[in-house]
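Here is the structure we will look at.
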């Protein structure tokens, strides 16, 4: 690339604001992309946590002396079902702890009418006939409900995918805005430096020679703005991370907020944004200049 | 070298600025281009150095119809043409050295040769002490010499000059004319637009005279055309 600039871009006010506009765009794009990546990671964590588990919910325990309401039968059925690795009934205190973030610690579980839960782990490689198991459970323990979390997870995945599509749409719109900004700036530069450009043209400079000068300038300004935007975005993301950590603490307890952090790989991918912005600015400037020069005699 | 056949040009919907220009400049010829202000001298030069396209007619340079050439081929043609602009058209932010070096750099000449050639030529035109000077710090005459140095640095086959001696004293004007004539002797074709009738008379080269947008072929030119 020709680094010698025959065109006095430093005297051209049109390029003065381009780095800041690119910085703003990279900042917004980085936040939108981070949101999409964080949602993807959160979904993967939830999916991983729930895959291979089932929950059996039984009606509240009957009064003392009237049996266990089918709990033992249900556990026995589960442990003898092919593909089930373990079936562990949750103690009343454990069920109460699940509700504690919403109800608080002051309400004793024994005062609540709570369903009984059985935590089931299954062999994901082997699979379980869930429809058959549901029918057998109802026979063994009337009122039993088998929850494989799939419906909830599918709806959550749909919601997250919609949010991700929106975020990526925002990134695409920001990219279009960046392209339009570079086109406008480049055209202004072409008008401001028309005399020098015509001079180079008349000396026999090929269109590519002149376009290279504009594209190098756009690359320089785009890269500078991109780095500024990325720096601001990283600072914002770090602040958001601290805010999320602070919000999940409630006294000495931790609220079950979903993890919205980025993986190491995601952090490593973010610098691609300013690089992409710089390359986009460079290519846009080149195409704009070549198009304008093609109209010269 | 340069051939115009029935060439005319107009700007937009305005009247024709030049009409029915027919001329043929042989390789190695030296012509003065004269005429009153507004006669179309600069427009004719602009058509020769390919800054303007004719509205009608055919322009051929170096035996090639320029209307048929690709953009890269036109760029190659332009590299064979040196131009001294009336208003110099120096690049303000570049030094004298870099201004003069532009045609060589545009042509991709390596920096070692650029440095040697530019330094030598700037010494010849008396600007050896101003290699790093920006045009704004130089006098009108110095700028003109810089513009001439830039026009001849790449050894053009065709040199077009619009009032090249207008801002220099008689001694420097003679010196620059000797440079042009030396280039002409070495094979460069020259067209030099001027108002300086004394210069035209003193040098005795054939004249292309424009009057009201029409080329008037005077006897010296008629002889030149006949000879070619």
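Tabulated values for the structure
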read-out: Degrees, to the nearest 10: A:272-293 long Cα axis against longest axis of chain A; value: 40 degrees
read-out: Calculated SAXS-style log₁₀ I(q)/I(0) at q = 0.13 Å⁻¹ - the stretch B:36-107, Debye, Cα scatterers; value: -0.49
read-out: Zero-based 10 Å bins, Cα pair distances in the stretch A:121-226, whole percents; value: 11, 22, 15, 11, 10, 10, 10, 8, 3, 0
read-out: Calculated diffusion of the stretch B:90-155, Stokes-Einstein form, Kirkwood radius summed over Cα pairs, 25 °C and 0.890 mPa s, µm²/s; value: 216 µm²/s
read-out: Pair-distance profile P(r), taking every C-alpha pair of chain A, with 10 angstrom steps and integer %; value: 6, 19, 19, 15, 12, 10, 8, 7, 3, 1, 0
read-out: For the stretch B:56-99 versus the stretch A:123-184, the gap between their alpha-carbon centres in whole angstrom; value: 65 Å
read-out: Square roots of 5 times each gyration tensor eigenvalue, C-alpha, chain B, largest first, Å; value: 29, 20, 17
read-out: Peptide A:193-202 - average C-beta neighbours from other chains (10 Å radius); value: 5
read-out: Inter-part distance where the stretch B:120-150 and the stretch A:1-51 are each reduced to a Cα centre, Å; value: 47 Å
read-out: Among A:71, A:199, A:156: highest mean-square fluctuation, GNM of chain A, C-alpha pairs under 10 Å; value: A:199
read-out: Where N is the number of residues in the stretch A:54-171, Cα Rg divided by 2.2 N^0.38 Å; value: 1.33
read-out: Convex hull per residue volume in Å³, alpha carbons only, for the protein assembly as shown; value: 224 Å³
read-out: Between 0 and 90°, nearest 10: helix A:150-192 axis offset from chain A longest Cα axis; value: 10 degrees
read-out: Overall Cα dimensions of the stretch A:66-122 - principal axes, largest extent first, Å; value: 41, 29, 11
read-out: Rounded tilt (10° steps) of A:207-248 against the dominant C-alpha axis of chain A; value: 30 degrees
read-out: GNM flexibility winner over chain B from B:14, B:82, B:166 (Cα, springs under 10 Å); value: B:14
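Quick note: the coordinates plus some simple rules give every number you see, no bench work behind them. From a predicted model like this one, the values you see are computed outputs, not experimental measurements. As a convention, Cβ positions derive from the backbone with ideal geometry for all residues, glycine included, and neighbour counts pool all protein chains shown.
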